[in-house]
Amino acid sequence: MTVLPFPDYAFQKRAVRELSEKCRVSQIGRSLCGRGIFALQFGRAENCPLIAAGFHGMEYLTVLTVLRFAAALSPRDNVCLVPCVNPDGTEIALHGARAACRYAPFVTKTGQQRRWQANARGVDINHNFNADWQNVKRREREAGIVCPSPTRFGGFSPESEPETRALTSLCRERRFSRVLALHSQGREIYWDFGEHTPRECKALADKMGEAGGYAVSAPEPLATGGGFKDWFIQTFHRCGFTVEMGLGKNPLPLTDFEGEYPTVRRILNTFISGGS
Ligand SMILES: [Zn+2]
């Protein structure tokens with residue numbers, strides 16, 4: 001299968017349907033606008049690693065990356081993939097406000113529809129996980145973000161969004177051995193979330209960094225808390241990573257994909273193998 005580089009929802013559904021021939025596909029939830037959120041299971045479901053992408057609308061290169069990566073896996077591999085956690089946000093960034101169903105007037109009013117990161121009603125999924133959430137809200141207020149917006153508004157309560165809950169439910173059910181959240185951009189890997197971070201996570205982050213030539217970093221203040229990797233580390237006391245693929249300004253152009261993909265593939269393979 002050749003994955004063509006325009007990762008909107010129609011393409012995602014086609015790709016997932018083709019992949020269902022060699023992995024188990026399940027719909028783990030629906031977005032606010034009713035789009036499916038899919039998980040692709042290769043190998044055994046219990047205690048395997050998870051890779052999730054498409055948290056942020058403009059970061060659709062991450063969706064393409066996971067779909068391309070899936071196309072090269074075999075049923076003997078052991079990993080769960082969620083190619084797009086936020087299909088509405090991705091669709092808005094690619095097709096504009098008309099992709100936002102009943103939220104289209106709100107999206108239009110922001111004037112930022114092609115620079116969209118949040119879900120359809122303006123909640124940033126990667127600020128909506130229940131990890132040090134009060135701190136997330138405090139930092140938002142300090143940054144002047146007090147209501148639904150194209151980016152960085154964490155919602156009115158943690159796990160308020162169906163996209164967030166799709167992923168937390170999946171994690172509670174499957175007990176993943178470790179998780180990787182794919183974002184763009186910066187060519188950096190984050191691995192730390194306070195006292196619950198297992199000691200071995202830094203070593204694996206270093207190996208992933210070496211595999212792709214990516215920097216291994218400590219989080220920036222506004223990026224601390226509320227994120228998927230933060231929640232996973234805090235909840236399960238297992239390793240969670242954020243990988244920021246590519247370099248430039250979001251949205252990275254689709255033409256960056258072929259150049260960046262081989263690097264990210266090495267990082268993902270290192271993550272799946274656990275660095276062994
Ligand atoms: Zn992101």
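General observations
- Selected from Ala100, Ala118, Ala53 as most flexible by GNM, with the chain as the system and alpha-carbon contacts under 10 Å: Ala100
- Taking the chain, the Cys residues with no second Cys beta-carbon under 4.7 angstrom are Cys23, Cys48, Cys80, Cys84, Cys147, Cys171.
- Compactness check for segment 148-252: Cα Rg over 2.2 N^0.38 Å is 1.09.
- Portion, in percent, of the accessible area of segment 1-158 that falls on carbon or sulfur, probe 1.4 Å: 50 percent
- Computed over neighbours whose Cβ is under 11 Å from that of Ala211, the net charge equals +1, Lys and Arg +1, Asp and Glu -1.
- Within the chain, longest stretch clear of exposed GluC sites (Glu not before Pro) (DSSP loop, no more than 15 other Cβ within 10 Å): 47-276
- In this view, the solvent-accessible surface of Lys249, computed with a 1.4 Å probe and all protein chains in place, comes to about 140 Å².
- On full extension, the segment bounded by Glu258 and Arg76 gains 62.9 nm, given 0.36 nm per residue less the C-alpha separation.
- Segment 9-273, relative contact order in percent, only Cα pairs under 8 angstrom and at least six apart counted: 20 percent
- Note on exposure: Ser276, Ser157, Ser74 ranked by accessible area (1.4 Å probe, complete protein assembly) read Ser276, Ser157, Ser74, with the most exposed listed first.
- Largest-first ordering by accessible area, 1.4 Å probe, given options Ile145, Ile92: Ile145, Ile92
- Among Leu19, Leu32, the order of accessible area from largest down is Leu32, Leu19, computed with a 1.4 Å probe on protein heavy atoms.
- 1.4 Å probe accessible area per residue over the chain, in Å²: 41 Å²
- For q = 0.15, 0.16 Å⁻¹, Debye-computed log10 I/I(0) when each Cα of the chain counts as one equal scatterer: -1.08, -1.26
- Inter-part distance, segment 13-62 to segment 73-134, computed on C-alpha centroids, equals 14 Å.
- Shape category assigned to segment 116-156 from the gyration tensor of Cα positions, a/c cut at 1.5: oblate
The values are calculated or read from the model by the stated rules, or taken from the named source; none is laboratory data. These numbers were taken from a predicted model, which means no experiment stands behind them. FYI the Cβ positions are ideal-geometry reconstructions off the backbone, even for glycines, and counts take in every protein chain you see. When the accessible area is computed, the model is the full protein with side chains, heavy atoms only, and any ligands, DNA or RNA have been set aside. Shrake-Rupley method; radii C 1.70, N 1.55, O 1.52, S 1.80 Å.
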